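Here is the structure we will look at.
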Amino acid sequence: MEYIRIKELLDQPKTGETVTVKGWVKTRRGSKQVNFIALNDGSTIHNLQIVAETEKFGEEVIKKITTGACLSVTGEVVESKGSGQAIEILGEKIAVLGESDPEKFPLQPKKHSLEFLREKAHLRVRTTTFGAIYRIRHAMIFAVHKFFNDRGFFNVHTPILTSSDAEGAGEMFRVTTLDPKNPPLTEDGKVDWREDFFEKQANLTVSGQLEGELSALALGNIYTFGPTFRAENSNTTRHLAEFWMIEPEMAFHDLKDNAELAEDFLKYLVNYALENCEDDLNFLAKREEDENKNKPANERPALSLLERLKMVRDNDFAFCTYTEAIDILKNSKPNKKKKFNYPVDEWGVDMQSEHEKYLVEKHFKKPVIVTDYPKDIKAFYMRVNDDNKTVAAMDILFPGIGEIVGGSQREERMDVLTSRMKEFNIEEEHMQWYLDTRRFGSCVHSGFGLGFERMMLFVTGMTNIRDVIPFPRTPGNCEF
Ligand code: 4AD
Ligand code: MG
């Protein structure tokens, strides 16, 4: 290798040796005679200091060393005389690989707002904050696969193009090659989808669960980790139109086993970040602290980022049924004082994020697993409980996030499942492949879905989901 990455160099400083590093200039400061360049190559949050004498390289070259420029630097590794870094490089050779016009480069060495950086999402990865977020994102992806692989789960690729609606909620992006101005029509004047590419209506998947179930009833324990798409018009800090979801599915697991696995999994991810992303987390924790200094006390989180992560890792999650949750909410101060936008008055209503927040942040003060929701507000595939009113569902609620996981035991009884499908107006004809699992060798099975970006919000402490995915897709926004 003709160059060394900065992380490797900082981890094992080769003092006295001559090395080559390559990266992008964060800042250049200094005097007429000597320049101090902070170089970052993305391998770590830390910059490497390059000492460059103007005389050695000439003013023409030094002038080109501006924020954003790409350099190759060769020089001796020496102990740094300055504070703030252990080593630095005495520049002997500098090549400006790519210039960056300081008049035009949008990312100047100053603090930019997250809103501004969202508009520059193609460049924001060059900032310290987004470098940290994307490195943590990688660590979390890796940890997801490690967790399941270590437990003997098989990773399954479920289709992205599909003709089914896994959640039955009708929030799908249609995929078609028909001419929108002049589609083929049937005799009664409707669009004739038989003429379309797949000879039927197709859409982007909202969840890989149903196909995941097929694999679980053969391989035992499986998980998917793929992009999912929801055409819900929710312009919030928690919703994306394209997000990544991890969906494990396990044969012979009931709801309790499912909840145990989910709790272990979330703790594992948090612990993995604490153990492997220290520098990036410390930076984000400090950043959050600085941001919060100017906020009124009631808008600041009660715990710091690292305290929140340790709280999740080190405490058992709370459990309560939907019915218990509704009682808690009904009798809560904000409900009595009419502070909720959606007052909680009767059993059967769907919980809003303000309610979820109250339960987690004010009542239980730690993650809570809410189970056994009314069957009318949950998906058709969830197993109907003996009370015939509720289903064996679970949502996991996290502080600052609300719902982070949704899952259930699945309805394994053919007759109950088909009657549930009727209630939801789901045509059996299109779901025969799914029903075959119940027809042939059906069994108790369960699974859940973790929204990867919601987990990223929790781990990084960022507060807008648009800032934890490289290219966010939201209503009215599909740039890059
Ligand atoms: O609760 P959801 O809709 O459940 C399912 O899709 C099931 N098929 C999962 C399963 O049982 N295998 O979504 C699961 C999780 C949510 O808890 C949330 O974390 C995330 O996916 N999620 C979103 N994340 C970002 N943007 C959106 N629009 C999201 N919708 C759901
Ligand atoms: Mg849900």
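The values are calculated or read from the model by the stated rules, or taken from the named source; none is laboratory data. Everything quoted here is computed from the prediction, not taken from an experiment. Here the Cβ is made from the backbone with ideal geometry for all residues, glycine too, and neighbour counts use every protein chain on show. SASA here: full protein model, heavy atoms, side chains in, ligands and nucleic acids out. Shrake-Rupley method; radii C 1.70, N 1.55, O 1.52, S 1.80 Å.
Things worth noting here:
- Karplus-derived HN-Hα couplings along the range 88-96 (A = 6.51, B = -1.76, C = 1.60, θ = phi - 60°), whole Hz, x at Gly and Pro: 8, 10, 8, x, 10, 10, 10, 10, 7
- With θ taken as phi - 60° and the Karplus curve 6.51 cos²θ - 1.76 cosθ + 1.60 applied, the whole-hertz 3J(HN,Hα) list for the range 22-28 is 9, x, 10, 6, 8, 8, 10 Hz, x standing for glycine and proline.
- Which listed pairs, of LYS7/LYS286; LYS267/LYS338; LYS190/LYS375; LYS32/LYS120, have C-alpha distances above 24 Å, in listed order: LYS267/LYS338; LYS190/LYS375; LYS32/LYS120
- Cut-off 13 Å between beta-carbons: net charge of the residues surrounding VAL156, Lys and Arg +1, Asp and Glu -1: -4
- Global dimensions of the range 6-109 from alpha-carbon coordinates: Rg and Dmax equal 12.8, 38 Å.
- Virtual paramagnetic centre 7 Å along Cα→Cβ of THR463, amide N under 18 Å, in the range 386-405: 398-403
- DSSP bridge pairs, the chain: antiparallel proportion in percent, nearest 5: 90
- Under the combined filter of DSSP loop state and at most 11 neighbouring Cβ atoms within 10 Å, the range 313-412 retains these trypsin sites (Lys or Arg not before Pro): LYS337, LYS338.
- Translational diffusion of the chain, µm² s⁻¹ [Kirkwood Rh, Cα pairs; Stokes-Einstein; 25 °C; 0.890 mPa s]: 96
- Cα→Cβ-extended label distance, 7 Å offset, between ALA86 and ASP314, nm: 2.8
- Total formal charge among the other residues, if their Cβ is under 10 angstrom from that of ILE326, Lys/Arg +1 and Asp/Glu -1: -3
- The range 427-442 - phi-based ³J(HN,Hα) in whole Hz, Karplus 6.51/-1.76/1.60, Gly and Pro as x: 6, 4, 3, 7, 10, 4, 4, 6, 5, 4, 4, 7, 6, 10, x, 5
- Accessible-area composition of the range 36-161, carbon plus sulfur, in percent [1.4 Å probe]: 52
- The range 303-407 gives an Rg/Rh value of 0.98, both radii derived from C-alpha positions and Rh following Kirkwood.
- In loop segments of the range 326-383 as defined by DSSP, the GluC sites (Glu not before Pro) with at most 12 further C-beta atoms inside 10 Å of their C-beta are GLU346.
- Rounded to the nearest 20 debye, the dipole magnitude of the range 6-109 is 240 debye, with +1 charges on Lys and Arg beta carbons, -1 on Asp and Glu beta carbons, and the Cα centre as origin.
- Positive-pole candidate from SER215, LEU269, ALA231, dipole of the range 210-280, charges at beta carbon: ALA231
- Residue-normalised accessible area of the chain, expressed per residue, 1.4 Å probe, Å²: 51
- Rg(Cα) / (2.2 N^0.38 Å) computed for the range 154-307, rounded to two decimals: 1.46
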